Amino acid sequence: MIEFSHLNKTFGDKQVLTDVSGVFERGKTNLIIGTSGTGKSVLLKCLVGIFEPDSGKVLYDGRKFNGESNDKQQEIRRDIGMLFQGGALFDSKSVESNVMFPLNVLAPKMSKSEKLDRVDYCLRRVGLEKSKKLMPSEISGGMAKRVGIARAIVMQSKYLYCDEPNSGLDPQTSHRIDELIKDITHEYNITTVVVTHDMNSVLEIGENIMYMFEGENVWQGHKDNILQTTVKPLQDFLFANKLIRDMHKFS
Amino acid sequence: MKELGKYLLLMGKLFVNREKFSIYAKLIIDEAIVIGTDSLLIVAIVSSFIGAVTAVQTAHNLYSPIIPLETIGSIVRDMTLLELAPTFTGVVLAGKIGSNIAGHLGSMRITEQIDALEVMGINSASYLILPKIVASLIVFPMLVTLSAFLGIFGGYVAGVLTHALTPEQYIAGIRDNFHGFDIFFALIKAFVFAFLISSISAFQGYYTRGGALEIGKASTVAVTHSCIAVLIADYLLAQLILAS
């Protein structure tokens, strides 16, 4: 479980996060949604420690994260896997080496055969066992995201973050990535946090949804309750999507 | 001053929360091979020609019959060891290696590869920059040694081919009044330049923000700042070590 309270973050004069609090539960796909520029990615980067929040607290299963020493932060970070928007694969390494990279650096005592088995398993899990010798420049955007997921789970992380996993993907690949994230979350009982503005993802995998508006957490709940919201910015966000408009008309 | 502080903090960050030595050993060897092999040809060409030019120009300026022709060899040797080999190699490598380091780290930054390392719990500064600096510290003195050898050899070839002096005179000149400390001084310069070029370029690349345009800017700034730092350090070392 990831808990965070009263997070504030400014860049220069611009307040990007204002008193953001919330809880992301274990074994669920937790979604952060909102329009572009509303602070979703900044919140995610504060939670993983890429940005240091100006104030507030982040706890990983009760373990304090922000403001702690490098040693303590690194200990928690080793339980975190993250899928970046562009995949963030290492260009000079093959698909297999990318997935093996965390094991090589963080688990040097593990034998080579164990590492290879673990990598093979993760690549099979994301359906890329035949592409392991390819370089990142030789694979598609959707494949890069799946390699990113394999790399994020290879250390058997307890927390999985995904920053806009569907951006730039066609609907079919997008659906496949969503299914993969949902399955992995339930299979490994991990805490998954997905930043997205894709309404299909919200309706398919959103078990705990947090809606952000102008740097604030203005609504949090289950996808089944989202359509009954009375929060005006969330209503606007939802009804900007044709799928939701059609569903609403139909109901 | 703010940039200097940020640079010093980055240097400090290289030595905390490092990974195991065995991980760095492989990275250092890989970086050393890249820096060495990539720079070998350009260093060889530049060094041979500066040695040759020094010999020809010295011969051209020696018109007093009381100055022996062996002096050409001595001047080429001293110029090459004290100044030309370390400084020219430094400036050439600032352009070649500096831009490469800044471009590589800059592109890793904007494609979130550095963030990916941080999220994995790896000290990205230490993992990416320390091997480059250590590899430079190993390879630069080798390149400067090669440069000095080829510079003196280039002077020999040019001096003999233009009939400015005989091979025996040139050899006698480079052996005359030789100070072993000059080699040591050239190697000190090589170490200092290696650190400055690799660390300044890494600093520029590591903190790149934006897109492709900013990577280009970071590379340019890395080369400019490295060259200036090399020239300032060159003067300071000469003043501190030779003038004392």
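At-a-glance table
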quantity	calculated
Any hit, region A:111-125, residues being closer than 19 Å to residue B:125 by Cα, free of Cβ contacts under 8 Å to residues at least 60 places away in the same chain and not hydrophobic (A, V, I, L, M, F, W, C)	no
Residue among A:94, A:131, A:157 that alone is more than 14 Å from residue A:194 (Cβ to Cβ), at pLDDT 85 or above and in contact with a Gly (Cβ under 6 Å, 6 or more places away or on another chain)	A:157
Checking residue A:61 against (1) more than 8 Å from every other protein chain (Cβ to nearest Cβ); (2) closer than 16 Å to residue A:122 by Cβ, the condition it does not meet	(2)
Whichever residue in region B:105-120 is facing chain A (nearest Cβ under 7 Å) and out of contact with any Leu (no Cβ under 9 Å at 6 or more places or on another chain) and, among such residues, is surrounded by the most Cβ atoms within 10 Å (Cβ to Cβ)	B:119
Conditions (1) away from every other protein chain (no Cβ under 12 Å); (2) outside any helix (DSSP H, G or I): number failed by residue B:19	(1)
Residues within region A:107-142 that are farther than 21 Å from residue B:119 by Cβ, touching a helix residue (DSSP H, G or I) at 6+ places or on another chain (Cβ under 8 Å) and in a helix (DSSP H, G or I), tallied	5
Qualifying position, being within 26 Å of residue A:234 (Cα to Cα) and modelled with pLDDT of 85 or more, among A:164, A:204, A:138, A:187	A:164
Only one of B:231, B:236 that is over 13 Å from residue B:107 (Cβ atoms) and in contact (Cβ under 8 Å) with a residue 12 or more places away in the chain	B:231
Failed item, numbered, when residue B:209 is tested on (1) in a helix (DSSP H, G or I); (2) basic (Lys, Arg); (3) surrounded by fewer than 17 Cβ atoms within 10 Å (Cβ to Cβ)	(1)
Selection status of residue B:89, buried (at least 18 other Cβ atoms within 10 Å of the Cβ) and either in contact (Cβ under 8 Å) with a residue 60 or more places away in the chain or farther than 20 Å from residue B:196 by Cα (or both)	yes
Residue that is surrounded by the fewest Cβ atoms within 10 Å (Cβ to Cβ), among those in region A:148-170 that are touching a helix residue (DSSP H, G or I) at 6+ places or on another chain (Cβ under 8 Å) and outside any loop (DSSP other than H, G, I, E, B)	A:160
Search result, residues across region A:37-89 that are in a loop (DSSP other than H, G, I, E, B), closer than 13 Å to residue B:120 by Cα and either basic (Lys, Arg) or more than 19 Å from the chain's Cα centre (by Cα) (or both)	A:78
Selection count, region B:121-147, where residues are within 13 Å of another protein chain (Cβ to nearest Cβ) and either out of contact with any strand residue (DSSP E or B) (no Cβ under 8 Å at 6 or more places or on another chain) or in contact (Cβ under 8 Å) with a residue 40 or more places away in the chain (or both)	8
Test set (1) within 14 Å of chain B (Cβ to nearest Cβ); (2) surrounded by 22 or more Cβ atoms within 10 Å (Cβ to Cβ); (3) charged (D, E, K, R) - residue A:93 fails condition number	(2)
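The values are calculated or read from the model by the stated rules, or taken from the named source; none is laboratory data. As the structure is a computational prediction, the values presented were derived from the model and not from experiment. Glycine also receives a Cβ, built like all others from the backbone with ideal geometry; neighbour counts cover every protein chain displayed.
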